[in-house]
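Visitor: Take this structure, written in structure tokens, and hold onto it; I'll ask about it next.
Bear in mind that the values in this text are calculations on the coordinates, not laboratory data. On a predicted model such as this, the values are computed, not experimentally measured, just so you know. Cβ coordinates were reconstructed from backbone atoms using ideal geometry, including for glycine residues, and neighbour counts include every protein chain displayed.
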């Protein structure tokens, strides 16, 4: 068993009334390696100026965690299968909608990685599809969420 920790810190600023809902949603995510990520509610959820558009919001963080976990697992599965990956560039999009229980949720996440392979073994479409399937099955984050996750990416092979 493993445990993972993040510290989430928010503080009311000065004389913000708070109970009238006019307070800053800006806060920080602090991780064990020392990095601090500026966070906020999504502007779609809480309008400006109470959200900070330039900060990461929890919905973006969830989509990024799904994409990152899938990528890391894909790289592992590809390396174990003796395929050389030179780059992996994903634009992941999560969609908020009502789920089967009638609650707002990130119901779908579409991963769209552009993967560049090289080396002596060239994967075909079916192999890349299987690598994605194995990565999805083994991804800890994907196994932790109810969102539907799909891959709509492309790949290229270049000799070298």
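Visitor: Subtracting the Cα-Cα distance from 0.36 nm times the residue separation, let me have the gained length for residue 32 to residue 156 in nm, one decimal.
Guide: Additional length available on full extension: 41.0 nm.
Visitor: For a distance above 19 Å, tell me the whole-number percent of Cα pairs in region 67-160 that qualify.
Guide: 41
Visitor: If the convex hull of the alpha-carbon atoms of region 45-86 is projected onto planes in all directions, what is the mean projected area in square nanometres?
Guide: Quarter of the Cα hull surface area: 3.8 nm².
Visitor: Same structure again: How far apart, in nanometres, would the label points at residue 144 and residue 79 be if each is projected 7 angstrom from Cα along the Cα-to-Cβ direction?
Guide: About 2.1 nm, to one decimal.
Visitor: Counting only helical runs of four or more DSSP H residues, what would the 222 nm mean residue ellipticity of the chain come to if each run contributes -39,500 (n - 2.57) and the total is spread over all its residues?
Guide: My calculation for the chain gives -8000 deg cm²/dmol from helical runs alone.
Visitor: Gap in Å between the Cα centre of region 96-160 and the Cα centre of region 20-57?
Guide: 28
Visitor: Moving on. Hey, could you get me the Stokes-Einstein D for region 1-56, Kirkwood radius over alpha-carbon pairs, 25 °C and 0.890 mPa s, rounded to whole µm² s⁻¹?
Guide: Approximately 196 µm²/s, per Stokes-Einstein.
Visitor: For residue 53 and residue 89 in the same chain, what is the full-extension length gain: residue separation times 0.36 nm, less their Cα-Cα distance, in nm?
Guide: 10.6 nm is the gain from fully extending residue 53 to residue 89.
Visitor: Okay, moving on. Once the Cβ-Cβ distance between residue 107 and residue 15 is put in as r, and R0 is 45 Å, what FRET efficiency do you end up with, to the nearest 0.05?
Guide: 0.70
Visitor: Over every pair of different alpha-carbon atoms in the chain, take the mean of 1/r and invert it; report that Kirkwood radius in Å.
Guide: 18.0
Visitor: Using only Cα atoms, find the angle between the long axis of helix 125-138 and the longest principal axis of the chain, and express it within 0 to 90 degrees, rounded to the nearest 10.
Guide: Between the helix axis and the principal axis of the chain, the angle is about 50 degrees.
Visitor: From Cα pairs below 8 angstrom and at least 6 apart in sequence, can you work out the relative contact order of the chain, rounded to a whole percent?
Guide: 17 percent.
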